[in-house]
Amino acid sequence: MLDSRLNYVVAVARAGSFTGAAHAVGITQSAVTKSVADLERQLGTSLFHRTTHGALLTEAGRDFVDRAAKLLDDARDLLDGSCARGDRFSGLLRVGVCPAALEWSMVDPLAELLARHPSIRFELVGSSFERMVQQLRNGTVDIAIGHNAAFSEWPDFRRAVIPASQTTMFVRKGHPILAEEKPAMSELSKYTFVSPSDSRPYGAVIRGFYESQGVDWRSRVHIIDYFPVVKRIVASSDAIGVVAVAYAATPSFARHFVALHHLKPFPPSELCCAVRARWEPKPAVRALISVMRENASGEGLCKNAVANRSDAIRFELV
């Protein structure tokens, strides 16, 4: 029903290359390349910067893909029959999490949302913040969950803020820093650090540990957002990691690690649900935000009273 070239352009934007797009849509690379070039001639502007490393959206391309992806999504929703059946929540909800270490925070909200709306299907993707920004922009994900401080710098997203969560540093049992009665923050520069992200709120704080002591932080910091890997590195070395205070209180954590609660370098970190500013969030997106807010504020016991509150969600426009 829609021009097939729209599908090809969106596929190139999401794959980051013409080769990847051809694989995704099931036609040859030359066919994708020709179709996109034909569309660019019709529009009178380039949609992509072609490089040896792939295809990057131009400014005009970003706007075009944003609108094309919305058209394609609306068409899929219309044709899957959910509207005719009156089920506004049916279909795929693509959720991005950045850094991926925050995926643990989605366990209860996704389970609760599925219990309320069984017709929803999830696709959960974890990645770095920088990569998630691009995925949200080009429509690869419908909503991104991450640190509000990081997303606040991007004017093309709207944010629904989730109550703050607290993180702390942790080390393995027997770590040398535990032998010090009251270690100062400056002592942290002696050790390697495993940071879940180089963006706010962690990046600047962790770099400051080393810069204040004249140490090149690049030689001391790992950027890893997959928590099982973080735990393995911390357990097998003198590295320091970051963990959610809630998880640090669990028996499984306490068997191998010690939380450094007396050192508080990180302020409580607000999370947010980010969506594209130009798109009206679909019902499933609003429902997820509602559930996440309930979960963060301890309202889970009042589920029946708030189960249909998703339509009341408002976004902060920045």
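Quick notes on this one:
- The requirement of being within 26 Å of Ser127 (Cβ to Cβ) and outside any loop (DSSP other than H, G, I, E, B) is not satisfied by Phe266.
- Test: residue in the stretch 176-190 that is over 16 Å from Pro99 (Cα atoms), of a type in the set (S, T, N, Q) and touching a Phe, Trp or Tyr at 6+ places or on another chain (Cβ under 7 Å): yes
- A single member of Ser269, Ser236, Ser219 is within 24 Å of the chain's Cα centre (by Cα) and either farther than 28 Å from His117 by Cα or assigned by TED's automatic domain parsing to the domain that holds Met185 (or both), and it is Ser269.
- For the stretch 269-291, the set of residues classified as out of contact with any strand residue (DSSP E or B) (no Cβ under 7 Å at 6 or more places or on another chain) and part of a helix (DSSP H, G or I) consists of Pro283, Arg286, Ala287, Ser290, Val291, listed by residue number.
- Of all residues in the stretch 268-318 being at pLDDT 50 or above and among the basic types (Lys, Arg), the one that is surrounded by the most Cβ atoms within 10 Å (Cβ to Cβ): Arg286
- Subset of the stretch 107-166 [among the acidic types (Asp, Glu) and farther than 14 Å from Gly96 by Cα]: Asp108, Glu112, Glu153, Asp156
- Residue list for the stretch 37-56, filter: closer than 22 Å to Val133 by Cβ and either at pLDDT 90 or above or more than 25 Å from the chain's Cα centre (by Cα) (or both): Ser46, Leu47, Phe48, His49, Arg50, Thr51, Ala55
- Identity of the residue in the stretch 1-36, of a type in the set (A, V, I, L, M, F, W, C) and loosely packed, with under 13 Cβ neighbours inside 10 Å, that ends up farthest from Val133 (Cα to Cα): Met1
- Within the stretch 140-180, considering residues that are under 18 Å from Tyr202 (Cα atoms) and over 17 Å from the mean Cα position of the chain (by Cα), the one surrounded by the fewest Cβ atoms within 10 Å (Cβ to Cβ): Gln166
- The sole residue among Val215, Val229 that is out of contact with any Gly (no Cβ under 9 Å at 6 or more places or on another chain) and within 29 Å of Ser152 (Cα to Cα) is Val229.
- Scan of the stretch 152-186 for residues that are over 30 Å from Glu294 (Cα atoms) and modelled with pLDDT of 85 or more, ordered by number: Val171, Arg172, Lys173, Gly174, His175, Pro176, Ile177, Leu178, Ala179, Glu180
- Pair list, Cβ < 9 Å and 6+ apart or interchain, from the stretch 199-225 residues that are without any contact (Cβ under 8 Å) to a residue 12 or more places away in the chain and under 22 Å from Met132 (Cα atoms) to residues that are polar (S, T, N, Q) and buried (at least 19 other Cβ atoms within 10 Å of the Cβ): Gly203/Ser195; Gly203/Ser197
The values are calculated or read from the model by the stated rules, or taken from the named source; none is laboratory data. This is a predicted model, so every value here is computed, not measured. No Cβ is skipped: glycine too gets one built from the backbone with ideal geometry, and neighbour counts run over all protein chains shown.
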